[in-house]
Amino acid sequence: MDKYLDEIRSYLGVLDKSIVDKEIANIKTVLEQNMNGKSFEDLALVSALEQAKEILKSYGVNSEIVLQKENYFKRKGKELIDGFVHLFDIMSKNNFKANLKIVFDIIVLFVFISLVKIPFIAIRNIGESLLNNINFALAYDIWGIAIEFVYIVVAIMIFINVFPRWYKNLKVVPKDDKPKKVVSEVKSMGNDLESISLSDNDNK
């Protein structure tokens, strides 16, 4: 039951906390009354998502828009976390050369994000040149801060969209812990040939 209620609560972040607490308490009371000796699993319940939609609708909130936005950020956050977990897991099992390539790829990604700032710098400079004609110093600062903010948002969006896709398909390149047997076998063969040739010479 607690998991079900927590899932409903997770969809109601747009509402005031006191309202959410009241709705969750009401649902919990109804569930406990309907159980009446039954287990929670025996109840024929709508999904937590559908229950949350009904609650949002009762407060005049467009549930489709709100939940679509929340689901997007939750999905992207989960993808990013899973990407980091997968990356660290792969790197812990990889050999040095494979990890070096991964580090290089990460550097390339950050270099690319840095290069994206070039057009923002150009736009900032154009705006600043136009604002020079206005006797309002604060507008100059606001323009610079606004451009930096937009760049940061764009950089974050690039990272959270590129990083998980880039690293989710990484495969483990095992560490070469096993001793090479080929060299010893070659040496062994060489010794056998040498002994054969020596024995032949002795026979002659």
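Laboratory data are not the source of any read-out in this text; all were calculated from the coordinates shown. Not measured: the values here are computed from a predicted model. As a convention, Cβ positions derive from the backbone with ideal geometry for all residues, glycine included, and neighbour counts pool all protein chains shown.
For segment 71-178, what is the relative contact order in percent, using Cα pairs closer than 8 Å and at least 6 residues apart in sequence?
Answer for segment 71-178 is 57 percent.
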To the nearest 20 Debye, how big is the dipole of segment 1-61 about its Cα centre, given +1 on the beta carbon of each Lys and Arg and -1 on that of each Asp and Glu? 140 debye
At a threshold of 8 angstrom on Cα-Cα distance, excluding pairs fewer than six apart, so keeping six or more, what relative contact order does segment 1-61 reach in percent? 50 percent
Dipole magnitude of segment 71-178 about its Cα centre, charges +1 at Lys/Arg Cβ and -1 at Asp/Glu Cβ only, in debye to the nearest 20? 600 debye
Return the distance in nm (one decimal) between the two label points of a simple spin-label model at ASP105 and ASP82, each offset 7 Å from Cα along Cα→Cβ. 1.7 nm
Against the globular-protein guess of 2.2 N^0.38 Å, express the Cα radius of gyration of segment 137-176 as a ratio, rounded to two decimals. 2.08
